[in-house]
Amino acid sequence: DQQVKQNSPSLSVQEGRISILNCDYTNSMFDYFLWYKKYPAEGPTFLISISSIKDKNEDGRFTVFLNKSAKHLSLHIVPSQPGDSAVYFCAAYTGKLIFGQGTTLQVKP
Amino acid sequence: SAVISQKPSRDICQRGTSLTIQCQVDSQVTMMFWYRQQPGQSLTLIATANQGSEATYESGFVIDKFPISRPNLTFSTLTVSNMSPEDSSIYLCSVYLGLSAYEQYFGPGTRLTVT
């Protein structure tokens, strides 16, 4: 029973363009939704979060959108930079973190 | 933030043996967590380790297989016991600093291969 799903294992975009990473969830009781970023041989690092009562949160180049009716959230990165190339994990929180499988983003120069 | 180190960074072990993974934090923290990431899978919480009490294990994980120690507020160990190839994973520790309930800081992970 996978409560948080990232259906795209990989995404490739051109530098300067928008990257959109998607995530679906099944449990409407989640309090917060988060995105973590992971570089090889490093642990995941917290990137941005959104409360379940919000529909948008922005932090610099990163914006997270939450569509509760669709149980869907997305991370937009604008403009994308080569240093953004990493694995991005969507996670949901209700007492503990539940992670998606991750999406590998490659930003090409 | 917190600086978290793990030892070893990687290991190759034979089935039937055990491996103890260490996690060291540069500040005192109440809650530490151990996760497993199997190949191509998501991070899965194994247990929560609080200093001075027994670890709390998630469904599907048992103390006999994954004993955890938490001797003080900056250190914890996870042992993977009687290993089989299915235990080949990345094991990560993380900490909660109390700033927000969901923001955790992760160590670099231990890549374990069981042959």
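The values are calculated or read from the model by the stated rules, or taken from the named source; none is laboratory data. As the structure is a prediction and not an experimental result, all values here were calculated from the model. Here the Cβ is made from the backbone with ideal geometry for all residues, glycine too, and neighbour counts use every protein chain on show. Note: accessible area is taken over every heavy atom of the protein model, side chains too, but ligands, DNA and RNA are not part of it. Shrake-Rupley method; radii C 1.70, N 1.55, O 1.52, S 1.80 Å.
Considering only residues in region B:1-15 that are within 14 Å of another protein chain (Cβ to nearest Cβ) and not in a strand (DSSP E or B), the one that is least open to solvent (accessible area, probe 1.4 Å) turns out to be B:ALA2. Of the residues screened, B:PRO85 is one that is under 26 Å from A:GLN2 (Cα atoms), away from chain A (no Cβ under 12 Å) and of a type outside the set (Ser, Thr, Tyr). The set of residues in region B:77-107 that are of a type in the set (Phe, Trp, Tyr) and in contact with a Pro (Cβ under 6 Å, 6 or more places away or on another chain) contains only B:PHE106. In region B:56-76, the residues that are over 14 Å from B:THR20 (Cβ atoms) and without any contact (Cβ under 8 Å) to a residue 40 or more places away in the chain reach residues that are among the basic types (Lys, Arg) and open to solvent by 50 Å² or more (accessible area, probe 1.4 Å) with C-beta atoms within less than 9 angstrom, at least six apart or across chains, in these pairs: B:GLU58/A:LYS96.
Please work out which residue is surrounded by the most Cβ atoms within 10 Å (Cβ to Cβ), limiting yourself to region B:51-68 and to residues that are more than 14 Å from every other protein chain (Cβ to nearest Cβ) and modelled with pLDDT under 95.
The extreme case among them is B:GLN51.
Pull up region A:74-100, narrow it to residues that are within 14 Å of another protein chain (Cβ to nearest Cβ) and within 11 Å of the chain's Cα centre (by Cα), then point me to the one that is surrounded by the most Cβ atoms within 10 Å (Cβ to Cβ). For region A:74-100, the residue satisfying everything is A:CYS90.
Residues that are touching a Gly at 6+ places or on another chain (Cβ under 9 Å) and within 14 Å of another protein chain (Cβ to nearest Cβ) number at least 3 in the following strands (runs of 3 or more DSSP E) confined to region A:1-62: A:19-25. When B:GLY109 is tested against the conditions (1) under 20 Å from A:GLY100 (Cβ atoms); (2) free of Cβ contacts under 8 Å to residues at least 60 places away in the same chain; (3) touching a Leu at 6+ places or on another chain (Cβ under 6 Å), the lone failure is (2).
Taking the criterion of being under 14 Å from A:TYR25 (Cβ atoms) and in a loop (DSSP other than H, G, I, E, B), the only residue of region A:78-95 that qualifies is A:THR94.
Against the numbered list (1) of a type in the set (Ser, Thr, Tyr); (2) surrounded by fewer than 16 Cβ atoms within 10 Å (Cβ to Cβ); (3) over 16 Å from B:THR110 (Cβ atoms), B:SER18 comes up short only at (3). Sub-6 Å Cβ pairs linking a first residue in region B:24-45 that is surrounded by fewer than 13 Cβ atoms within 10 Å (Cβ to Cβ) to a second residue that is not small (Gly, Ala, Ser), at least 6 apart or interchain, are B:ASP26/B:VAL3; B:GLN28/B:LEU73; B:GLN28/B:THR74, ordered by first then second residue. Can you confirm whether A:LYS37 is at positive phi and in contact (Cβ under 8 Å) with a residue 24 or more places away in the chain? Taking the combined requirement at face value, the residue does not satisfy it.
Considered as a group, the residues in region B:100-115 that are of a type in the set (S, T, N, Q), over 21 Å from A:CYS90 (Cβ atoms) and more than 11 Å from the chain's Cα centre (by Cα) include one that is farthest from the other protein chains (Cβ to nearest Cβ), and that residue is B:THR115. Of the residues examined, B:LEU92 is not one that is open to solvent by 80 Å² or more (accessible area, probe 1.4 Å), under 21 Å from A:CYS90 (Cβ atoms) and within 11 Å of another protein chain (Cβ to nearest Cβ).
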